[in-house]
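Colleague: Quick one: the structure is below, and I'll ask about it shortly.
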Amino acid sequence: MKRNIGGWVMVGLVAVCCGMMGSCKKETKSGGGAPPPRQAQKIVVGFSQIGAESGWRTANTESIKGEAAKRGIDLQFSDAQSKQENQIKAIRSFIAQDVDVIAFSPVVTTGWQEVLQEAKQAGIPVILSDRAVDVTDDSLYVTFIGSDFIEEGRLAANWVVKATGGKANIAELVGTPGSAPANDRATGFREVMAKYPEMKIIKTQSGDFTRTKGKEVMEAFLKSPEGKQINLLYAHNDDMAIGAIQAMEAAGVKPGVDIKIVSIDGVKGAFEAMVAGKLNCTVECNPLIGPALFDAVEKLMKGETLPKRTVIEESVYEQSQAAEAIKTRAY
Ligand code: AHR
């Protein structure tokens, strides 16, 4: 289906001119015959996903694929295996295919200016899904749909204040360096901490949002000279917290008791750990972005204007709520 939005009027004009001159791209593709009837054309969306680093990411991919299939959208899905260069390649290939809309979840915030400029020049609107980019020109994307990661960091810190009275020796498992959630969850947490001088981060390191790295880094934290002082773990996602729980158990430390744990995402594994008394709190980060993403795509195709930012609603779950909440957990 061809784009039909205000900002892309030039594309339409060029298409009309091309048509009049007998050199329209669509005609060339179909061997010079008439283009197929409009209702038979599917919307084509190119989506570049980060990878499969966490339970959250898997649920996000399922939400996007499932929603596209439900709406009859032709989804060109590409898995970047956590590499920015693969995402840039995928976006360039979507531009070459002349898809209707490009959407992507950027692994890191920087380094997108050039490829987004190319998409803009090609007249293809870009939607940011889940994570933000750091660009000087915000006309390089149409809208950003995702969570407020700074607020998630604040919510995690508020829970620590409530659970410890504002006095804790904290170990922090940080997400992927340079990613929006790692940057923002650190910022929001520290913003609250600044009011509580006895809340101290004594160890901090990236666990790259994965269970394996979370376990490895927690092992090293526990073996370090400060290891015995740690009484609270703040993990930027549930997968790293679950890995850290394994490391604590192997070291004879009781997770959730000797070391209290707060993490972010709210995946089923976190609820299971809370029911088992091994995790104390999870701040929800909702991965079910598919419906909002394709609502935005369909509105774009109708020429509607989108808000620049859509924030996904989320909650905080403590251990005492886990047994009930797990019964209806969708991911
Ligand atoms: O961008 C969202 C974050 O990415 C999730 O919190 C984390 O689990 C994922 O890898």
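Only the coordinates and a few stated rules stand behind these numbers; no lab work does. Being a predicted model, the structure only gives us computed values, none of them experimental. Every residue, glycine as well, gets a Cβ built from its backbone with ideal geometry; the counts of neighbours run over all protein chains shown.
Colleague: With runs of 4+ DSSP H residues as the only contributors, calculate the mean residue ellipticity of the chain at 222 nm using -39,500 (n - 2.57) per run, divided by the residue total and rounded to the nearest 500.
Modeller: Value at 222 nm, helices only, nearest 500: -13000 deg cm²/dmol.
Colleague: Okay, moving on. Can you tell me the relative contact order of the chain? Whole percent, Cα pairs under 8 Å, sequence separation 6 or more.
Modeller: 17 percent
Colleague: With charges set only on the Cβ (+1 for Lys and Arg, -1 for Asp and Glu), what does the dipole of region 149-285 come to about its Cα centre, in debye to the nearest 20?
Modeller: Dipole magnitude for region 149-285 comes out near 420 debye.
Colleague: Could you line up Asp239, Asp208 from fewest to most neighbouring Cβ atoms inside 10 Å?
Modeller: In order of increasing Cβ crowding within 10 Å: Asp208, Asp239.
Colleague: Excluding Arg154 itself, what net charge comes from residues whose Cβ is under 14 Å from its Cβ, given Lys and Arg +1 and Asp and Glu -1?
Modeller: -3
Colleague: Which one of Arg154, Arg92, Arg211 has the biggest mean-square fluctuation once the chain is modelled by GNM with Cα springs under 10 Å?
Modeller: Largest GNM mean-square fluctuation: Arg92.
Colleague: Under 1.5 on a/c is rounded, so check that first for region 149-285, then, if it is not, pick prolate when a/b is larger than b/c and oblate when it is not; a ≥ b ≥ c are the square roots of the alpha carbon gyration tensor eigenvalues.
Modeller: rounded
Colleague: Give me Phe144, Phe104 ranked fewest to most by other Cβ atoms within 10 Å of their Cβ, as a rough exposure proxy.
Modeller: The order, fewest Cβ neighbours first, is Phe144, Phe104.
Colleague: Within a Cβ distance under 12 Å of Gly55, other residues only, what is the Lys/Arg minus Asp/Glu net charge?
Modeller: Local charge sum for Gly55: -2.
Colleague: Cut-off 10 angstrom, C-alpha nodes, Gaussian network model of the chain. Which of Gly165, Gly243, Gly46 fluctuates the most?
Modeller: The residue that fluctuates most here is Gly165.
Colleague: Expressed as a whole number of Å, what is the distance separating the alpha-carbon centroids of region 84-112 and region 196-245?
Modeller: 33 Å
Colleague: Sticking with this structure for a sec: Place a +1 charge on the Cβ of each Lys and Arg in the chain and a -1 charge on the Cβ of each Asp and Glu, then give the dipole magnitude about the Cα centre in debye, rounded to the nearest 20.
Modeller: Taking the Cα centre of the chain as origin, the dipole is about 340 debye.
Colleague: From the residues Leu279, Gly51, Ala323, which one has its Cα farthest along the dipole of the chain in the positive direction, the dipole being from +1 and -1 charges on Cβ of Lys/Arg and Asp/Glu about the Cα centre?
Modeller: Gly51
Colleague: Taking neighbour Cβ counts within 10 Å as the exposure measure, how do Ser78, Ser206 sort from fewest upward?
Modeller: Ser78, Ser206
Colleague: If I take the Cα coordinates of the chain and project them onto the principal axes, what are the three extents in Å, biggest first?
Modeller: 76, 40, 30
Colleague: Which is farthest toward the positive dipole end of region 149-285 among Phe149, Ser179, Val192, measuring Cα position about the Cα centre, with Cβ charges +1 (Lys, Arg) and -1 (Asp, Glu)?
Modeller: Val192
Colleague: Among Gly252, Gly175, Gly55, which one shows the highest mean-square fluctuation when the chain is modelled as a Gaussian network with alpha-carbon springs under 10 Å?
Modeller: Maximum fluctuation in the GNM of the chain, among the listed residues, is at Gly252.
Colleague: May I ask what percent, to the nearest 5, of DSSP beta bridges between residues of the chain are antiparallel?
Modeller: 5 percent
Colleague: Using the Cα centre of the chain as origin and beta-carbon charges of +1 (Lys, Arg) and -1 (Asp, Glu), tell me which of Phe209, Ile259, Gly303 is placed farthest towards the positive end of the dipole.
Modeller: Result: Gly303, furthest along the dipole toward the positive end.
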